[in-house]
Amino acid sequence: MILDVAKEAIALHLKTIYTKARVGVGGHSTSPFSSDLDVPIFNVTVSSSTSEGATIDFKFTINGASIAGHTIREIGIFNKAYSNSAGTTIAEYTEMLSRVSFDGIGPFASGEDVDFYITIEVE
């Protein structure tokens, strides 16, 4: 059993470190060994992130001009650049927290925005 205070600390860590996302056009099933999307096409920074208790809500907004002409089928949450507890510098986009594949959406016009909301709960 993980205590609630530890779950909240882990959630806060995830919110602080995982502030990047990638969208892609691949749509194959997710492998727990993957470190990137199948076919990444665009990187984006989290537009907002909230943490309440052990739940983190990530929001990513992507402008259609950035993905114009593409039908996207996957999104992944990635780390920002940081130094871990051992003092090692970790480059951004090298740790994938989660990947979600979905039925394709798009193509998008340059004036459109698409919002993604991903909720992760530490249990």
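Assorted remarks:
- Charge dipole of the chain (Cα centre as origin; +1 on each Lys and Arg Cβ, -1 on each Asp and Glu Cβ, all else neutral): 280 debye, rounded to the nearest 20.
- In order along the range 32-44, phi translates into HN-Hα couplings of x, 9, 5, 10, 7, 6, 4, 9, x, 10, 7, 9, 8 Hz, rounded to whole numbers, per the Karplus curve 6.51 cos²θ - 1.76 cosθ + 1.60 with θ = phi - 60° and x for Gly and Pro.
- Amide H within-cut-off set for residue 95, under 5 Å, with H built and near neighbours excluded: 79
- Folded to 0 to 90 degrees: helix 4-17 orientation relative to the chain principal axis, Cα: 40 degrees
- Each residue of the range 19-27 is assigned a 3J(HN,Hα), and the resulting list reads 10, 10, 8, 10, 10, x, 9, x, x Hz, derived from the Karplus form 6.51 cos²θ - 1.76 cosθ + 1.60 (θ = phi - 60°), x at Gly and Pro.
- Positive contributions from Lys and Arg (+1) and negative ones from Asp and Glu (-1), summed over other residues with Cβ under 10 Å from the Cβ of residue 45, come out at +1.
- Kirkwood radius, the range 8-123, all distinct C-alpha pairs, inverse of mean reciprocal distance: 14.7 Å.
- Accessible surface computed residue by residue for the chain, with neighbouring protein chains in place and a 1.4 Å probe, gives 56 Å² per residue.
- Here the Karplus curve 6.51 cos²θ - 1.76 cosθ + 1.60, taken at θ = phi - 60°, turns the phi angles of the range 48-56 into couplings of 6, 8, 10, 9, 10, x, 9, 10, 10 Hz, with x standing for Gly and Pro.
- Each Lys or Arg adds one and each Asp or Glu subtracts one; over the other residues with Cβ under 9 Å from the Cβ of residue 56, this totals -2.
- GNM flexibility winner over the chain from 102, 33, 60 (Cα, springs under 10 Å): 33
The values are calculated or read from the model by the stated rules, or taken from the named source; none is laboratory data. This one's a predicted model, so the numbers in the text were calculated from it and none came from an experiment. As a convention, Cβ positions derive from the backbone with ideal geometry for all residues, glycine included, and neighbour counts pool all protein chains shown. Quick note on the areas: whole protein, heavy atoms, side chains included, nothing else; ligands and nucleic acids left out. Shrake-Rupley method; radii C 1.70, N 1.55, O 1.52, S 1.80 Å.
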